[in-house]
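Everything on this sheet refers to the single structure shown next.
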Amino acid sequence: MNLKGKALLAACAVSIAGLSALWLATDGGRALTSESARRLRALAATGAVPPSVLEDSRGREILLRSRADVVTLVEFIYTTCPTVCQSAGDAFFKVRSRVLQTPKLAQSVRMLSISFDVEKDGPDRLDDYARGHEADGQMWKVVRARRDGLPGLLDAFGVVVIPNPAYGYTHNAAIHVVRQDGHLAGIYDLEDIDGVMANVRNLVGPAT
Amino acid sequence: MANVATTNNQSKEADALSSVALLLAGAVFLLMMIAGLLMRSAQGKLIDLDPTLFYQLMTAHGAGMVGAAALSGAAIMWLFLGRHVSLNKLAFKAFLALFLLGVVLILYSIFVGGFGGGWTFLYPLPAHSGGVWETAAAATFLVGLLLVGAGFLVLYFEMGRAILVRYGNLSQALAWPLVFRGKMETVPPPTIVASTVIVIFNSVGTVVGAATLAISLINLFVPTFEIDALLAKNMIYFFGHVFINASIYMAVIGVYEILPEYTGRPWKVSRPFAIGWSAVLLFVLAVYPHHLLQDMVMPPWMLVMGQVVSYLSGLPILAVTAFAMLGYVSGSGMKWDLASALLFLGVFGWSVGVVPAIIDGIISINKVMHNTLWVPGHFHTYLLVGEVAMSFGVMAWIVRSKQDVALFSGLQRAVFWTYVVGALGFAMVFLTSGAASVPRRWAVHAPEWIMQDRIATLLGIVTLLSAVYFVTRFGSRLASGERK
Amino acid sequence: MISRIMTLHRPWMTALLIVMLCFVFRGMLERHPVTHIVVQLSALVVAGWLAGQSLGGALPALRLTDWNAGGSVGILVALFAGAFWMLPRNIDWALGQTSGEFAKFVSIPLLMGVSLALSWSRAPALAKCLIKANAVSMLLSLSWVYTTAPERLCNNYLLGQQQELGSVLLWLAIVISVIWSVPLFVSQPLAKHRPANIQTARGVST
Ligand code: HEM
């Protein structure tokens, strides 16, 4: 191999350019998949999530951002999902039990299971899911998106939903923590209840 | 009397690079023998060693010895392959650089990072240390192994390239016309046949091994990837077996090239010889896809077969080598000196060491036997009395002087026999302990095993002392030779 | 010059045809990761390679024998481009956004295909072997990752599809190794034979 000076120089330049490109394309080696990139972006985002209007099983309007003094936890589901969305319900169940242990938290946290299956998830199905996971309809509401607001909503959370030929949909499953001012504060795997709780405690502040 | 035609250009051949690599390997052998002695005497309660340190030493000893065996084997192969094809020295330098860099990382991960997972980096051990070592240390260890692998790939590909340039294609270099049709115009020398086989299966092995390492690395950082543990384990064991066996195949090239100088009979490639080497190639290669595909199509009995094959794959080579050697030596009026004696011992130790492997291979389903000192007993025999003896033999041959050719001084004889007794005895104690179900990889031994541990320590010291003689003699003679 | 390329070097037109087919049928090809990655992306590399052959033949100066001595730089470019497109999130980018789709159709033929075609034949035999070995090794680890990852790595594909991709990559690795190694056993693959036009390249470029 007789690399001459010029070629060596060019090779160095290409290596630097290539490594920088890869560094940028992976957010500094932190995100190789869109899912991890989505989470990083959510944490770094400057804007708040949109003030979407959702509706519950009785057709009442529910606001994604209702009060400026609560932390909102969000999961995206469709009620007929046989797998992930049931785990999502279980995860929320566990989070709620932990939240209820501290009165201060119990007052400052609300949880939304939002269905993106606006066609099929009618009132009955939402109620079934709520009953199945013991959502109380107060602190934890099972709601569905409205058709017109759905794309913007999914976009704001970076959620991708694709129809699955075998059953329903495939979609990102995670617990999204929305700060009091509407900014995303963190996205956690369904197993990472500790992570969710730590973030929530941090946002709500010390129990008095 | 010995054929001395080759002695004239000996200095040219014994190129400095291989000698440096051999000296390096020799030094590592000595250091790691000391580590081994520390372990053995700790088991015998002669010294007090913290168990954590014991496992660090064991990891270092295993990785270091396997590395040094491979390094010395590679140096021997490079040295003698250079007699037949034209090799680019740059490749050997790149190999050494990558190898040493890898070794530095490995040592760092063990002694600074505290990694003690055993040299086989058994999945999923690296990721689950129970807090003893950090992810970073395990990652450093794996990257170090990757660099060593890359170094070997450079070396093998350069050798393969040179062989192709000289012989046109691999079938010629493997003497396949001789294998299949029983005749061939110009039969390649044994060094070419052996080197080609080694280059092929170790290249394949390194490529697959690198993939396994990459996966283990990913698993370290993304533990939720539930990598099929059995598959990973099989791959690692299999690769480990192939790699360590290959160090012997590389070293035995020294026997093919040097013994003729002492017997006066050139070592020729016969049909059984060519078949033996090709058979090993086929055995080993047949097992890889099987490991890769086992998830999808392989029935379990083939899995067991794979393990047995990986144990026994070396038999054909051993058989053709040992029989041919006996044929060449007997009645040849062979001249004995330190070099020829050690080389002969090497083939002997390899043969003896394989017997327990056969026993173990046949009953390899028996997990109990597999986890006793029986296993270290088997591989210490064929490494310490086999590969290491061959390496010492080649070292002695490189620095032999004209007067030395027929000379086997009293001191040399004494040291040689001390080594034989010490090394064989040391390995035998492992075997007897194994037969008595003493487990391997235990830092602390039960009182009733301590006697054996102490005897082994004594024999180990004897072995170490003779080894010090072989290596320092080689080093000092190299140095004085260079000064001239 | 253009007409010379068109008449003398037909591969150029084949290349164009391949890119067009890949583009027209992208909806179909991109529906499944196997057809997307194994068929479409490889076809784009091949198209670039063919175009690069034509270009290098018609304009030998493009081989840059000085700045790209031994083909080192071109191969590096291709390796980096390959690494970039190996990241699952960039596959998502190519599927989700026009900019990504555009980047894919331009960068893969140019940075991987063309630059390899202009460089590969001049690389030292040892380097070629190492790159090939690395390719097989990467395919094996990718296949392993895709078959066993518990989550989806691409937002646009399903877990089952991802696993299918993993098995296909394994077979690909095996087939490629066979294709690369069998000739070594039968032919006379001496490192020496290089296309004659490289020798003339220097004369033209200076
Ligand atoms: C005087 C020389 C030597 C001594 C005293 C020695 C001692 C030991 C001891 C005490 C162990 C641990 C056994 C156990 O309890 O499991 C061991 C393991 C081992 N030795 Fe040696 N050894 C020597 C030479 C060698 C040589 C020459 C090689 C290879 C070339 C070698 C390769 C290994 C390997 C691979 C292991 C297994 C490590 C593991 O289980 O992870 N040893 N040795």
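The values are calculated or read from the model by the stated rules, or taken from the named source; none is laboratory data. Because the structure is a prediction, the values reported are computed rather than measured. Every residue, glycine as well, gets a Cβ built from its backbone with ideal geometry; the counts of neighbours run over all protein chains shown. With ligands, DNA and RNA removed, areas are computed over all heavy atoms of the protein, side chains included. Shrake-Rupley method; radii C 1.70, N 1.55, O 1.52, S 1.80 Å.
Working only within segment B:453-465, note down all residues that are farther than 14 Å from residue B:424 by Cβ and either in contact with a Cys (Cβ under 9 Å, 6 or more places away or on another chain) or open to solvent by 50 Å² or more (accessible area, probe 1.4 Å) (or both).
Filtering segment B:453-465 down to residues farther than 14 Å from residue B:424 by Cβ leaves B:453-454, B:457, B:461, B:464-465.
B:454, B:461, B:465, listed by residue number.
Every residue in segment A:158-202 that is among the hydrophobic types (A, V, I, L, M, F, W, C) and surrounded by fewer than 17 Cβ atoms within 10 Å (Cβ to Cβ), please. Walk me through it before giving the result.
As a first pass, look at segment A:158-202 and keep what is among the hydrophobic types (A, V, I, L, M, F, W, C): A:159-162, A:166, A:173-175, A:177-178, A:184-185, A:187, A:190, A:193, A:196-198, A:200.
Scanning segment A:158-202 gives A:162, A:166, A:198.
For segment B:310-318, indicate whether the set of residues that are modelled with pLDDT of 65 or more and either in a loop (DSSP other than H, G, I, E, B) or over 19 Å from residue B:387 (Cβ atoms) (or both) is non-empty.
Yes: segment B:310-318 contains one or more residues that are modelled with pLDDT of 65 or more and either in a loop (DSSP other than H, G, I, E, B) or over 19 Å from residue B:387 (Cβ atoms) (or both).
Pick from C:179, C:108, C:174: which is of a type in the set (A, V, I, L, M, F, W, C), within 14 Å of chain B (Cβ to nearest Cβ) and part of a helix (DSSP H, G or I)?
Matching residue, one of C:179, C:108, C:174: C:174.
Do you know which residues across segment B:170-202 are of a type in the set (Ser, Thr, Tyr), under 23 Å from residue B:255 (Cβ atoms) and outside any loop (DSSP other than H, G, I, E, B)? Quick ask: steps written out before the conclusion?
So the first thing to find is which residues in segment B:170-202 are of a type in the set (Ser, Thr, Tyr), and the list is B:171, B:186, B:191, B:195-196.
Going one step further and asking which of them are under 23 Å from residue B:255 (Cβ atoms), we end up with B:186, B:191, B:195-196.
Those that are of a type in the set (Ser, Thr, Tyr), under 23 Å from residue B:255 (Cβ atoms) and outside any loop (DSSP other than H, G, I, E, B): B:191, B:195, B:196.
Could you please give the count of residues in segment B:439-451 that are within 12 Å of the ligand (Cβ to nearest atom) and either farther than 28 Å from residue B:54 by Cα or open to solvent by 50 Å² or more (accessible area, probe 1.4 Å) (or both)? Quick ask: steps written out before the conclusion?
The first filter runs over segment B:439-451 and keeps only residues within 12 Å of the ligand (Cβ to nearest atom), leaving B:439-445, B:449.
Now narrow it down to the ones that are either farther than 28 Å from residue B:54 by Cα or open to solvent by 50 Å² or more (accessible area, probe 1.4 Å) (or both): B:441-442, B:444.
Going through segment B:439-451 one residue at a time, the tally reaches 3.
Taking the options A:59, A:47, name whichever one is more than 9 Å from every other protein chain (Cβ to nearest Cβ) and on the phi > 0 side of the Ramachandran plot.
Working: A:47 fails: on the phi > 0 side of the Ramachandran plot.
Matching residue, one of A:59, A:47: A:59.
State whether one or more residues within segment A:152-163 are away from chain C (no Cβ under 14 Å), of a type in the set (Gly, Ala, Ser) and closer than 23 Å to residue A:47 by Cβ. Give the steps one after another, and end with the answer.
Of the residues in segment A:152-163, the ones away from chain C (no Cβ under 14 Å) are A:152-153, A:156.
Those still in the list that are of a type in the set (Gly, Ala, Ser) too: A:152, A:156.
With closer than 23 Å to residue A:47 by Cβ added as a condition, the list becomes A:152, A:156.
Yes; the residues of segment A:152-163 include at least one that is away from chain C (no Cβ under 14 Å), of a type in the set (Gly, Ala, Ser) and closer than 23 Å to residue A:47 by Cβ.
Among the residues that make up segment A:70-86, is at least one of them away from chain C (no Cβ under 14 Å), within 21 Å of residue A:196 (Cα to Cα) and modelled with pLDDT under 85? Spell out the reasoning first.
First, the residues of segment A:70-86 that are away from chain C (no Cβ under 14 Å): A:70-75, A:77-80, A:85-86.
This time we only want the ones that are within 21 Å of residue A:196 (Cα to Cα), so: A:70-75, A:77, A:85-86.
Applying the additional criterion that residues be modelled with pLDDT under 85 yields A:85-86.
Yes, there is a match, as at least one residue in segment A:70-86 is away from chain C (no Cβ under 14 Å), within 21 Å of residue A:196 (Cα to Cα) and modelled with pLDDT under 85.
Looking only at segment B:452-484, how many residues end up being touching a residue at least 60 places away in the same chain (Cβ under 8 Å) and either within 11 Å of the ligand (Cβ to nearest atom) or of a type in the set (A, V, I, L, M, F, W, C) (or both)?
So the answer is 13.
Those residues that are touching a helix residue (DSSP H, G or I) at 6+ places or on another chain (Cβ under 9 Å), over 18 Å from residue A:144 (Cβ atoms) and open to solvent by 10 Å² or more (accessible area, probe 1.4 Å), I need them from segment A:62-95; list them, please.
A:69, A:90, A:93, A:94
Answer yes if at least one residue in segment B:126-139 is within 14 Å of chain C (Cβ to nearest Cβ) and either out of contact with any Pro (no Cβ under 6 Å at 6 or more places or on another chain) or at pLDDT 85 or above (or both), and no otherwise. Quick ask: steps written out before the conclusion?
Here is the first cut: in segment B:126-139, the ones within 14 Å of chain C (Cβ to nearest Cβ) are none.
For segment B:126-139, residues within 14 Å of chain C (Cβ to nearest Cβ) and either out of contact with any Pro (no Cβ under 6 Å at 6 or more places or on another chain) or at pLDDT 85 or above (or both): absent.
Quick one: in segment B:367-422, which of the residues that are of a type in the set (Ser, Thr, Tyr) and away from the ligand (no atom under 16 Å from the Cβ) is modelled with the lowest pLDDT?
Within segment B:367-422, the first condition is being of a type in the set (Ser, Thr, Tyr), and the residues that meet it are B:372, B:381-382, B:391, B:401, B:409, B:418-419.
Narrowing the set further to residues that are away from the ligand (no atom under 16 Å from the Cβ) leaves B:401, B:409.
Details: B:401: 68, B:409: 82.
Looking at the filtered set, the residue picked out is B:401.
Being more than 13 Å from residue B:109 (Cβ to Cβ) and β-branched (Val, Ile, Thr) is the filter here; which residues of segment B:47-64 pass it?
B:47, B:52
Could you give every pair whose Cβ atoms fall below 6 Å, whose first residue belongs to segment A:73-94 and is closer than 10 Å to residue A:175 by Cα, and whose second residue is in a helix (DSSP H, G or I), counting only separations of at least 6 or pairs across chains?
A:75/A:88
Return the pair list, or none, for Cβ contacts closer than 9 Å from residues in segment B:37-66 that are within 14 Å of chain C (Cβ to nearest Cβ) to residues that are more than 6 Å from the ligand (Cβ to nearest atom), at least 6 apart or on different chains.
none
Just checking, which of A:148, A:155 is in a loop (DSSP other than H, G, I, E, B) and either surrounded by fewer than 21 Cβ atoms within 10 Å (Cβ to Cβ) or modelled with pLDDT of 80 or more (or both)? Don't jump to the end; show me each part of the working.
Working: A:155 fails: in a loop (DSSP other than H, G, I, E, B).
Residue meeting the stated conditions: A:148.
Which one of the conditions (1) more than 10 Å from the ligand (Cβ to nearest atom); (2) assigned to a helix (DSSP H, G or I) does residue B:427 fail to meet, given that it meets all the rest?
Against the list (1) more than 10 Å from the ligand (Cβ to nearest atom); (2) assigned to a helix (DSSP H, G or I), residue B:427 comes up short only on (1).
For segment C:74-98, which positions are within 7 Å of chain A (Cβ to nearest Cβ) and open to solvent by 20 Å² or more (accessible area, probe 1.4 Å)? It would help to see each step written out before you state the result.
Of all residues in segment C:74-98, those within 7 Å of chain A (Cβ to nearest Cβ) come to C:76-77, C:80, C:83-84, C:87-90, C:92.
Hits for segment C:74-98 are C:76, C:77, C:80, C:83, C:84, C:87, C:89.
For segment C:35-51, indicate whether the set of residues that are β-branched (Val, Ile, Thr), farther than 12 Å from residue C:108 by Cα and within 9 Å of another protein chain (Cβ to nearest Cβ) is non-empty.
Residues of segment C:35-51 β-branched (Val, Ile, Thr): C:35, C:37-39, C:45-46.
Still in the running and farther than 12 Å from residue C:108 by Cα: C:35, C:38-39.
Next cut, within 9 Å of another protein chain (Cβ to nearest Cβ) only: none.
No, that holds for no residue.
Suppose we keep only residues that are among the polar types (S, T, N, Q), open to solvent by less than 40 Å² (accessible area, probe 1.4 Å) and more than 8 Å from every other protein chain (Cβ to nearest Cβ) within segment C:142-163. Which one would you say is farthest from residue C:35 (Cα to Cα)?
C:143
Among the residues in segment C:52-66, are any open to solvent by less than 20 Å² (accessible area, probe 1.4 Å), touching a residue at least 24 places away in the same chain (Cβ under 8 Å) and among the hydrophobic types (A, V, I, L, M, F, W, C)?
yes
For segment A:8-31, which positions are open to solvent by 60 Å² or more (accessible area, probe 1.4 Å), within 22 Å of residue B:218 (Cβ to Cβ) and assigned to a helix (DSSP H, G or I)?
Residues satisfying the conditions are A:19, A:23, A:24.
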